[in-house]
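The values are calculated or read from the model by the stated rules, or taken from the named source; none is laboratory data. All figures in this text were calculated on a predicted structure; none of them were measured in a lab. Here the Cβ positions follow ideal geometry from the backbone for every residue, glycine too, while neighbour counts run over all protein chains shown. Accessible surface is based on the protein model in full, side chains and every heavy atom, while ligands, DNA and RNA are left aside. Shrake-Rupley method; radii C 1.70, N 1.55, O 1.52, S 1.80 Å.
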Amino acid sequence: MKALIIFESMFGNTRSIACAIAEGLQETYEVNVADVSGRPRAYGIDLLVVGGPTHAFSMSRASTREDAARKGTVRQGSAGTGLRDYFDSSPVLHGIPAAAFDTKINKPLVPGSAARRAQKELRRLGCRIVLPAENFLVTDTTGPLVEGERERARQWGAALAAAAAEHRDKV
């Protein structure tokens, strides 16, 4: 079985989480981890996972990526395409099992979530959500990840594989 993880990452934190999720999925899936800037195709896969940073309470936009780029050194090409752009140009993904995650600053009472918005977009495209959207925490805008988040992401990946198997059995 094949899984595709599509991530958007300005400072490398969301990419790190995507790779940890892949580790959790690898016992069950052949996993491809792809940067959204390459516009990967969700074709011939058994599970789609998407993730990005929370910007201005939701998924990034060109203006929020430009603002983030002024706050620190960003990964090459990361300010161009985001998940929002990917969803806007995506074909229907009818019936594909899917899940969403994000990275979010570790401050109490900060509203919003890129993952929850991405989950809505996955549903709009026809995906079947197998686990609720998940947030992984960073210490500040540029990171680093809060201690233990990479391991928690690996565990979430394993739980995601199990949840997807349950959904497969029900279909």
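When each of the peptides 20-29, 97-106 is scored by how many other beta carbons lie within 10 Å of its residues on average, the order from highest to lowest is 97-106, 20-29.
Per residue, the chain exposes an accessible area of 49 Å² to a 1.4 Å probe, with every protein chain left in place. Each residue was assigned an accessible area with a 1.4 Å probe, and for Cys19 the value is about 40 Å². Only lysines eight or more places from Lys107 in sequence, or on another chain, were considered; those with a Cα closer than 22 Å are Lys71. Relative to the dominant Cα principal axis of the chain, helix 13-25 is inclined by about 20°.
A straight chain from Arg41 to Gln155 at 0.36 nm per residue would run longer than the Cα-Cα distance by 38.5 nm.
About its Cα centre, the stretch 15-130 has a charge dipole of approximately 520 debye under the convention of +1 per Lys or Arg Cβ and -1 per Asp or Glu Cβ, with nothing else charged.
Could you name the lysines whose alpha carbon sits less than 29 Å from that of Lys170, not counting residues in the same chain fewer than 8 places away? Answer for Lys170, where 29 Å is the Cα cut-off: Lys2, Lys120, listed by chain and number.
Judged by the mean number of other Cβ atoms found within 10 Å, the most tightly packed of the peptides 70-77, 109-116, 9-16, 46-53 leads the ranking 46-53, 9-16, 109-116, 70-77.
Distances between placed amide hydrogens fall under 5 Å for Phe101 paired with Val50, Gly51, Gly52, Glu134, all partners being 5 or more residues away or on another chain. How far apart, in nanometres, would the label points at Arg123 and Ala69 be if each is projected 7 angstrom from Cα along the Cα-to-Cβ direction? The answer from the label model is 3.3 nm.
Each peptide in 54-61, 128-135 was scored by the mean count of other Cβ atoms within 10 Å over its residues; highest first, the order is 54-61, 128-135. Share of carbon and sulfur in the accessible area of the chain stands at 49%, probe radius 1.4 Å.
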